[in-house]
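A short worksheet on the structure shown next.
The values are calculated or read from the model by the stated rules, or taken from the named source; none is laboratory data. If you're wondering where the values come from, they're calculated on a predicted model, not measured in any experiment. With ideal geometry, Cβ positions are generated from the backbone for all residues, glycine too; neighbour counts draw on all protein chains shown. Ligands, DNA and RNA are stripped out before the accessible areas are found, and what is left, the full protein with its side chains, is counted by its heavy atoms. Shrake-Rupley method; radii C 1.70, N 1.55, O 1.52, S 1.80 Å.
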Amino acid sequence: MSKFSRVGFFFFFSILVIFQVSEAARLVPSPRISGFVTTEGTQFLLNGSPFLFNGFNSYWMMHVAADPTERYKISNVFRDASSAGLTVCRTWAFSDGSNQALDLQISPGVYDERVFQALDFVISEASKYGIRLILSLVNNYNDYGGRPQYAQWGKSAGEHISSDDDFYTNPVLKEYYKNHVKKVLTRFNTITKVVYKDDPTIMAWELMNEPRCQADTSGKTVQGWVQEMATYTKSIDNKHLLEIGMEGFYGDSMPEKKQNNPGYQVGTDFISNNLIKEIDFATIHAYPDIWLSGQNDYAQLGFVQKWMSSHWEDSKTILRKPLVFSEFGRSSKDPGYTLSARDEYMKAVYDSIDNLARSGGTIGGGLVWQIVAEGMESFYDGYEIVLSQNPSTAGLISGQSQKMRALSHTLSRKH
């Protein structure tokens, strides 16, 4: 082979190798998630810098992903959410005995591997699109099993169960819950090959969606349960953040705060429950259309803004922990609903989050309820948002994402 031919051959071979490497890199999504979200005082941090976010709820993801032919809906939502700048998603890591065909936990300690692999897929897709997850571990309500299902399991095992509230105190039911926590946290993801407790795609664990306790409205029963379960969860996984899943109702520890409740208590105590050392940040939800039904839009918005500011102040000065507004929305089933009214309400909430964050940090972001994919009418609850079909709302969400991202950069320069 001539010198010219050898040079030509090596040039061609080098170009071929470069092309193949670049093509392989193009086909394999680069990891978008690095580092665990942590807290320092009232701030969330990511890789040492302040982390503020705009996010969403899509509780249905594991349930839908259990059918492999429907998994594109999860991918589509993550894709559209990522395009709108959303970086945190809250979803369920439970489905307990309420629908045998799609349950994660069929009976205490018995799991459907097919449904677990659906959750593996959700986590894998979230990572691919740079979205972090808050995973909730049980429901207060009977949707997808929840406390009522645990109580039923206890009865079936011969336990004396007087009400669903025994979930918080009965040793057998508490052991069922702990077993579920351990099963989820130590799950080996069949797609990413990473154990859940080691995966930074997960931002936080949530002990329960909206805990309530009718048997003891003071907040003390829930306090004991949170302390026990938070300690247990942290004993398995101290890398991830942990939150309770509360709506924000005040209890008996600071009676003067109860005037901020919408006229009643639900068995939680925003102050004492969130002061538990193992709890890393506080959460609030707000549904004035349900809590204050019959009052006009102006009164409902006024309640929400006061709800946010009082919890922001308490998180900043008493808890000294970050706060997330982890559920809010406006239902199309509300009297007088219009799309523009929903957008105005969301804008007011977003503006409040932005203003509070600029006024002294503490609030990390908001998670709108709820985003669904096209073709998911059976999951519509009135609050649903399809980003590809609701351009005005999608634009509003994107604008808030940009504000939170810009504020993160500004704070990072000061940090």
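Observations on the structure shown:
- Within the accessible area of the stretch 267-366, the carbon and sulfur atoms contribute 54%, probe 1.4 Å, all protein chains present.
- Of every Cα-Cα pair in the stretch 104-152, the percent that sits beyond 17 Å: 48
- Under 5 Å from the amide H of Thr39 lie the amide H atoms of Leu45, each residue being 5 or more positions distant or on a separate chain, with H modelled from the backbone and absent for Pro and chain starts.
- Hits among aspartates and glutamates - C-alpha to C-alpha of Lys73 under 16 Å, sequence gap 8 or more where chains match: Asp120, Glu125, Glu374, Glu377, Glu384
- Chymotrypsin sites (Phe, Trp or Tyr not before Pro) within the stretch 80-170: DSSP coil, no more than 15 neighbouring Cβ in 10 Å: Tyr141
- Sorting Ser124, Ser156 by solvent-accessible area of protein heavy atoms yields Ser156, Ser124, largest first, with a 1.4 Å probe.
- Tensor-based shape of the stretch 125-284 (alpha-carbon gyration tensor, a/c under 1.5 rounded, otherwise prolate or oblate): oblate
- At 1.002 mPa s and 20 °C, Stokes D of the stretch 224-265 from Kirkwood alpha-carbon radius, µm² per second: 173
- Computed FRET value (nearest 0.05) for Arg32 with His160, which takes r as the C-beta separation and R₀ as 41 Å: 0.25
- Computed over the Cα atoms of the stretch 348-415, the ratio of the radius of gyration to the Kirkwood radius (Rg/Rh) comes to 1.08.
- Distances between placed amide hydrogens fall under 5 Å for Asn54 paired with Thr87, Val88, all partners being 5 or more residues away or on another chain.
- Residues whose amide H falls under 5 Å from that of Leu292, counting only those 5 or more places apart or on a different chain, are absent, with hydrogens built in the peptide plane.
- Under the Karplus curve 6.51 cos²θ - 1.76 cosθ + 1.60, θ = phi - 60°, whole-Hz ³J(HN,Hα) for the stretch 172-179, x wherever Gly or Pro sits: 5, 5, 5, 5, 4, 5, 4, 4
- Pairs of C-alpha atoms in the stretch 249-355 farther apart than 21 Å represent 37 percent of all such pairs.
- Under the Debye formula (equal points on every Cα, no solvent term), log10 I(q)/I(0) of the chain at q = 0.07, 0.12, 0.14 Å⁻¹: -0.34, -0.97, -1.34
- Residue-averaged [θ]222 nm for the chain, counting only DSSP H segments that reach four residues, each worth -39500 (n - 2.57): -13500 deg cm²/dmol
- When you filter the chymotrypsin sites (Phe, Trp or Tyr not before Pro) in the stretch 221-324 for DSSP loop state and at most 14 other Cβ atoms inside 10 Å of their Cβ, you are left with Tyr264.
- Note, ³J(HN,Hα) from phi for the stretch 343-351, Karplus 6.51, -1.76, 1.60, rounded to Hz, x at Gly and Pro: 4, 5, 5, 4, 4, 5, 5, 4, 4
- Accessible surface calculations at 1.4 Å, restricted to protein heavy atoms, place the stretch 172-324 at 37 Å² per residue.
- Of the GluC sites (Glu not before Pro) in the stretch 115-202, those whose Cβ has at most 16 other Cβ within 10 Å and which sit in DSSP loop: Glu159
- A 1.4 Å probe run over the stretch 30-169, with the rest of the protein chains in place, finds 35 Å² accessible per residue.
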